[in-house]
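One structure below.
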Amino acid sequence: MGIVICRQDTKIELWKKALKAAAPDIEVYSCLEDHPKEKIKMALVWKHSPGSLKAYPNLRCIASSGAGVDFIFSDVEAPVHLPITRVVDPMLASDMSEHVTAVIFAYLKNLNQYKLDQQQQIWNPIGYARIKDFTVGILGLGTLGALLAKNLVHFGFQVQGWSQSRKSLPSVTAYTGETALHAFLSTTNVLVCLLPLTPNTEGILNKELFDQLPKGSFVINVARGGHLVDEALLQALQSDHLSGAALDVFHEEPLAKEHPFWSHPKVHISPHCASVSDASSVAPQIIENYRNLLNRKALQNLVSMDRGY
Ligand code: GLV
């Protein structure tokens, strides 16, 4: 019996080491090595090769090594009738909070503009904004969104959040459900998308949504590229309705060389690095779930098939 790690990047050995360190007694295999497929009970996956999970006849659980599971559902051959788990990890949440906070401060203090000016040796001090000038609106108040909200409140920002199910966080104005979306958007100046990608949220960052934000708003997408309608963002920037956007995630990753985002002066790109699962931090919860699986106990951080996350 054992766990197989299925991913296509260079981190397989690192994850294998972390799982082995957390549980020397458990067999852990890389999908790249020769391994006994019939012995595998759990697949720890991250953007695995589509169709590859069919090879495991006795698989009983698919564990995402990230917070997101959209890539599992987009593999049409994945056995999604099995229990699927996701990562809920304090380090993943604090990394995300630090990244988004850094982006918001850079925006407030025009740091991206000064970087552009520097390239042309332009000395042009411009008015800066203050924390009290902005309301940050967070789409999605799960583990990541909730910690970000708490930390921004701590800095003194006015913070509001929107989620599908009712959430209550200290000093955060909470909006719930479709009907509240307009009220949330019309009072948001910096919009942060931290939603899971599901058929309901795909393309949510579209023209209709941007139109409801106040003129001059700034958009931060650190969730999934599939949330954003790229063309709608470009148009909203072109018309100056939005003042800028910081994007960490894209429909296609790496972002294609010819994509207009690369050279757009109001688009700030980071290469899907806002918050990356740390193998040592996450390994204990994977191992605990594996033992739960073998002992027929309840799994933690189980994905709901109805919600899709
Ligand atoms: C990162 O994108 C994750 O889902 O953990």
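Just a yes or no: is a residue in the range 223-232 away from the ligand (no atom under 16 Å from the Cβ), on the phi > 0 side of the Ramachandran plot and modelled with pLDDT of 95 or more? No; the residues of the range 223-232 include none that is away from the ligand (no atom under 16 Å from the Cβ), on the phi > 0 side of the Ramachandran plot and modelled with pLDDT of 95 or more.
Evaluation of Glu288 against the conditions (1) under 20 Å from Ala18 (Cα atoms); (2) under 15 Å from the mean Cα position of the chain (by Cα); (3) open to solvent by 60 Å² or more (accessible area, probe 1.4 Å) shows that the sole unmet condition is (2). Does Ala149 qualify as being assigned to a loop (DSSP other than H, G, I, E, B), open to solvent by less than 70 Å² (accessible area, probe 1.4 Å) and closer than 15 Å to Val103 by Cα? Against the criterion (assigned to a loop (DSSP other than H, G, I, E, B), open to solvent by less than 70 Å² (accessible area, probe 1.4 Å) and closer than 15 Å to Val103 by Cα), Ala149 does not qualify.
Strands (runs of 3 or more DSSP E) fully within the range 27-89 that include at least 2 residues being under 24 Å from His272 (Cα atoms): 40-46, 61-64.
The residue of the range 83-105 that is least open to solvent (accessible area, probe 1.4 Å), among those that are in contact (Cβ under 8 Å) with a residue 60 or more places away in the chain and away from the ligand (no atom under 15 Å from the Cβ), is Ile104. Being surrounded by 15 or more Cβ atoms within 10 Å (Cβ to Cβ) and either of a type in the set (Ser, Thr, Tyr) or in a strand (DSSP E or B) (or both): is that true of Val282 here? No: the conditions fail for Val282. If the condition is being in contact (Cβ under 8 Å) with a residue 40 or more places away in the chain and surrounded by 14 or more Cβ atoms within 10 Å (Cβ to Cβ), then the range 15-33 contributes Trp15, Lys17, Ala18, Leu19, Ala22, Ala23, Ile26. Based on what the data block shows, is Glu288 outside the structural domain of Asn189 (by TED's automatic domain parsing) and closer than 26 Å to Thr10 by Cα? In short, yes.
The set of residues in the range 222-253 being of a type in the set (A, V, I, L, M) and either in contact with a Pro (Cβ under 8 Å, 6 or more places away or on another chain) or not assigned by TED's automatic domain parsing to the domain that holds Leu195 (or both) consists of Ala223, Leu234.
If you go through the range 46-60 and keep only what is closer than 17 Å to Ile26 by Cα and surrounded by 14 or more Cβ atoms within 10 Å (Cβ to Cβ), you end up with Leu59, Arg60. Checking each residue in the range 1-14 for being buried (at least 17 other Cβ atoms within 10 Å of the Cβ) and in a strand (DSSP E or B) picks out Ile3, Val4, Ile5, Cys6, Arg7.
The values are calculated or read from the model by the stated rules, or taken from the named source; none is laboratory data. Note that the structure is predicted; figures quoted are calculated from it, not measured. Positions of Cβ are backbone-derived with ideal geometry, glycine not excepted, and every protein chain shown enters the neighbour counts. Side chains are part of the model used for accessible areas, which takes the heavy atoms of the whole protein and leaves out ligands, DNA and RNA. Shrake-Rupley method; radii C 1.70, N 1.55, O 1.52, S 1.80 Å.
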